[in-house]
Amino acid sequence: MKRREFLQYTIPAVSIPLLLGGMSLTAFGRSRMLNNIGAVAANDRVLVLIQLNGGNDGLNTVIPLDQYAALTVARSNILIDAAKVLKLTAATGLHPSMTGLQTMYTAGKLAVVQGVSYPSPNLSHFRATDIWLTGSDSNKYLSTGWAGRYLNEEFASYPTGYPNTTMPDPLAIQIGSVVSPGFQGPAVSMGMAITDPNSTYLLPGGSDTPPNTPAGHELTFVRQIAQQTQAYSSGIKAAAAKGKNKSVLYPSAGQNLLADQLKIVAQLIAGGLKTKIYMVNLGGFDTHSAQVSTSGSTDTGTHATLLGKLSAAIFAFQDDLTLLGIDDRVVGMTFSEFGRRIKSNASFGTDHGTAAPVFLFGSNANGGILGSNPSIPSNAGTGDNLSMQFDYRSLYVTLLKNWFGASPSMLANAITSYASTPVPAVSLIKPSAALDVSGQSLAPVSTVLEQNYPNPFNPATQIQFSLASSGYVVLSVCNVNGREVARLVDRHLEAGQHSIQWNAAGLPSGAYFYTLQAGSFRQVRKLMLMK
Amino acid sequence: MNTNANEGLQTLRRSTAGLEPYSGVWDAGTASHLLRRTTFGPLRSDIVALQQKTASGAVDLLLAPLPEETSQPLSVDSRDIVPVGQTWVDAIAKDPLSTFNPVGLRMNSLRSWWIGLMLNQQLSLREKMVLFWHNHFSTEVNSVGDPRFTYRHAVLLRKNALGNYKELVRQISTDGNMLRYLNGNTNTKTSPNENYGRELQELFTIGKGPEISSGDYTNYTEADVKAAARVFTGWKDFTQADGTVSAVTSVFDATKHDSANKQFSADYGSAVVTGGVDGAKEIDDLLNIIFSQPETAKYICRKLYRWFVYYAIDDWTETNIIAPLAATLRGNNYNIAPVLRQLFTSAHFYDPLNRACMIKNPIDFLVGAYRQCQVAISSTDIAKQYTAWLSLWTQATAIEMSVGDPPNVAGWPAYYQAPQFHELWINSDTLPKRRKYTDALVYDPIALAKSFSDPGNPAVIVDEAAQFLFAISLTATQKEFLKNTLIPGLPDYEWGVEWNAYLADPTNQTKINAVKTKLQTLFGFMMGMPEYQLS
């Protein structure tokens, strides 16, 4: 059974098998527990990715007011007047055009992550975009996208057998005409592109088997798209017909292309589409020149307009989700391929740079500022760049793990560097909504060893236990003489509920004792083998 | 960039025919293949024309120099200060006495004009090469903001389309349109702007390799980006109005030029561009350095290969096709025509494994479909003509290829974005739109049917329409299915009865409609088939 399917059950006995040291270890489904604490089930959760194409100038977006003197030296021709900065804290503020995001911050619905980048940052738009979308190291080349790889974990056989009753809708949707490389899976793209959810058009397919040639390869590809388009179009149309936007804050169509896109996203989610990830875009951030007005105030001009659109679009979207009563199901994240240079150029612009802030928003976003203000050299030169505080993959890990409840093996496959150099998740999801790696709520549970079931048994039984925190765990079985006859767990385990099967074939009937040792916690229970 | 990423390609049979001259049969199939890849269409008359030649003769014809394009984009809106029917390319930007700014109208006029040139292309490689260079030296009409510069840029591309690559880079480097697009016009001694210096190397000439150490992209370094930017300091775009006429060009301001020496990295053999002599000529020294690197020729040859043959370049192709083409390019001092001639006359190009494997880009698809359907566009009413051309441009934009406005300086992702490359053109949004557009084009299906050898025979119609429209052959089942769309559930001869009834009374609307709607359904369906997406 696949993970996502089991999460839909509310009967607690359903579990996913994990093979651990030759033993069948299972982690329990978490839907029962989530029902108890009232959090949103993992399979109802949606992620919205907002790509800011071109490289957003982070220093004029999230302004480090405590570095103002150094900023004045480095970028006086584009620097925002400190008095106009929208304060989040005494030392940190937003660009004056981002009033909506300031309001969301105050309401605890906006998290700002400072200094997001990766080791050895790349200054090419195309390479840096590839890195962000594929989730690769700076010096590695991946042909698949990070979100695509994750979706391939959740929906392994896709597109074969899709759509189906469990997943009737596209796994991921790009609002636009080009599917993001971030959705590229190992074999096919896991995403669909949509500009108008109401439009469908009959497409002729084809059924014979094309030859094993390049032409046959491309023909197969086009036919696959034709068939998928046909298969999904009715569901999308139905969702579009059913979903009605409720916010009055959206600008009129065509005024703010990002708001137009997010409006469609809200409509589709409200209409019941089960799609997991949406990608939307706002372009124009490559502000080499005239980033600010060359004649007027520095808080006007190209960048001010862009940030104003970004803020207004997210604000309207959040308002819509709230009015629709689905705001606890959706989190969104902005990203851009890089930030820009500390020192501005003489054309009232900035050249390609490195680290930049990322916004994470939503009712279940853990509002606040993560990380510290960047430190600006007192006399920044053209070669000076901001240093990294968070690896961008930390954010992906957080979203997959804490928002979608991805398992460690899913994380390892989705974030390819994770197995060798695991970047930690960061606290971006509210603890009440965050999941841990075994799909449990992060809300603390006590460590406890349960009575095995069945008991008495022959020859196999199931032993359950919960861990309040992750750590090294030993689960062993002794006979009445105190001699160990089986060691069922002897390794590091994540917090949450666990279940393990013990097969006692070959051992004589009688009483045995099983012991859970986890840090200072120790509990012993008795079980009966009756042959 | 990973060139081999499309999963499953490794198991495909790939051509192992090299660049040796093609010596197989020359027929309608080979002629159509050549025409599909080098022109928009093709038209049946073009196939017939080339079929009668040899491979070499056909390629000679396609590469033959054409006279310079004489048409210019025209004003088609009376709100422009330039009267309707006259060109605005040398006019002042706007009427100083009016608040109306015609820049948007002129941008659309430029776009329409460009589409018109492609629709009315002659039997020549030129227009497809212009589009190739537009993708390569990508600039955006909207971003540049002054279509008079973009017009000159388009003229530059067209003039040099089959000319010398190095010379084209030389002219592009001081082209006002490019200076505006990549901020060369703000690149000065005191405040260098790296934008053009970077893209020149990353995208236009030598290409970016893997980052082998911090800031070293195999072929060049971050320091080389900065050094190159300094070479270009002092150049800017220039416009001067005189009455209603304006001069639109670029100029070199020596006082803004950095006249110190420019040191390049070990990737370029530690070469130096010596400053302080003639600042404007330093560009030649820089290009000599870049073009002395073997990688530069290979980089453009890979792009040509992806444009004309297929996107997957495996090790075999790199060694046996790209490297020798690059040698030809360098051996001919960067003249492009000998390389194209070698490729288009090669056994590799005509190998059945290299046919029908290109996914048509939107312009190839739409301009080709308009031409194949012989869509009639007025040539006397300029306003109507420009509107029709602009409507094609709008359709191409909706399926992601906006001529004049590629998405960014790297051009269209289909030509660089691994692993999907050309497959990026086709998705759940663009494929239905493609079908919708072609459906509307089939309004004279009778004329097309009449061009077949035996239009009274439905099997012949299907056979010959498939040969004309598809680069890939259909199976017997598919043909049977298509025949059935023409005569659903009826014996073949029933079509002959209907057709002959029409021929006997060709002005009778009922009889016309009887065959017309059936043919429309058939051709519309065929152009909506996945097979029609392939070239």
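The values are calculated or read from the model by the stated rules, or taken from the named source; none is laboratory data. Note that the structure is a prediction, hence the values are computed from the model and not measured. Counting neighbours? That spans all protein chains shown, and the Cβs are built from the backbone with ideal geometry, glycine included.
Assorted remarks:
- Enumeration of residues in the range A:83-111 that are more than 20 Å from A:GLY332 (Cβ to Cβ) and in contact with a Gly (Cβ under 8 Å, 6 or more places away or on another chain): A:VAL85, A:LYS87
- Qualifying residues in the range B:127-186 (those that are under 19 Å from B:ILE206 (Cα atoms) and over 18 Å from the mean Cα position of the chain (by Cα)) - the one surrounded by the most Cβ atoms within 10 Å (Cβ to Cβ): B:MET178
Each row is one residue, and each column tells you yes or no for (1) among the aliphatic types (A, V, I, L, M); (2) without any contact (Cβ under 8 Å) to a residue 60 or more places away in the chain; (3) not in a loop (DSSP other than H, G, I, E, B).
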| site | (1), (2), (3) |
| --- | --- |
| A:GLN230 | no, yes, yes |
| A:SER252 | no, yes, no |
| A:LYS263 | no, yes, yes |
| A:PHE315 | no, no, yes |
| A:LEU323 | yes, no, yes |
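- Residue count for the range B:448-484 under the criterion of being under 25 Å from B:GLN395 (Cα atoms) and either surrounded by fewer than 17 Cβ atoms within 10 Å (Cβ to Cβ) or aliphatic (A, V, I, L, M) (or both): the result is 5.
- The criterion of at least 2 residues that are at negative phi and facing another protein chain (nearest Cβ under 10 Å) is met by none of the helices (runs of 4 or more DSSP H) falling completely within the range B:337-379.
- Tally, over the range B:432-457, of residues that are touching a residue at least 12 places away in the same chain (Cβ under 8 Å) and either at the interface with chain A (Cβ under 10 Å from one of its Cβ atoms) or within 23 Å of the chain's Cα centre (by Cα) (or both): 7
- Selection within the range B:176-201 - assigned to a loop (DSSP other than H, G, I, E, B) and either closer than 12 Å to B:LYS256 by Cα or more than 10 Å from chain A (Cβ to nearest Cβ) (or both): B:ASN187, B:THR188, B:LYS189, B:THR190, B:SER191, B:PRO192
- Residue check for B:ALA297: of a type in the set (Gly, Ala, Ser) and part of a loop (DSSP other than H, G, I, E, B): no
- Output for the range B:1-31, where each listed residue is within 14 Å of another protein chain (Cβ to nearest Cβ), surrounded by 14 or more Cβ atoms within 10 Å (Cβ to Cβ) and modelled with pLDDT of 90 or more: B:SER15, B:ALA17, B:GLY29
- Matching entry among A:TYR162, A:TYR141 (being surrounded by fewer than 23 Cβ atoms within 10 Å (Cβ to Cβ), within 9 Å of another protein chain (Cβ to nearest Cβ), part of a loop (DSSP other than H, G, I, E, B) and among the hydroxyl-bearing types (Ser, Thr, Tyr)): A:TYR141
So that you can scan it fast, the table gives a plain yes or no per residue for (1) of a type in the set (A, V, I, L, M, F, W, C); (2) surrounded by fewer than 16 Cβ atoms within 10 Å (Cβ to Cβ):
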site	(1), (2)
B:TYR437	no, no
B:LEU503	yes, yes
B:VAL515	yes, no
B:MET529	yes, no
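- Residues (under 25 Å from A:ALA147 (Cβ atoms), of a type outside the set (A, V, I, L, M) and surrounded by fewer than 24 Cβ atoms within 10 Å (Cβ to Cβ)) located in the range A:316-331: A:ASP327, A:ASP328, A:ARG329
- Qualifying residue in the range A:337-346 (condition: hydroxyl-bearing (Ser, Thr, Tyr) and either surrounded by fewer than 21 Cβ atoms within 10 Å (Cβ to Cβ) or part of a loop (DSSP other than H, G, I, E, B) (or both)): no
- Tally of residues being surrounded by fewer than 21 Cβ atoms within 10 Å (Cβ to Cβ), under 19 Å from A:PRO168 (Cβ atoms) and touching a residue at least 60 places away in the same chain (Cβ under 8 Å) across the range A:268-292: 1
- Among the residues of the range B:245-297, the one identified as basic (Lys, Arg) and touching a residue at least 40 places away in the same chain (Cβ under 8 Å) is B:LYS256.
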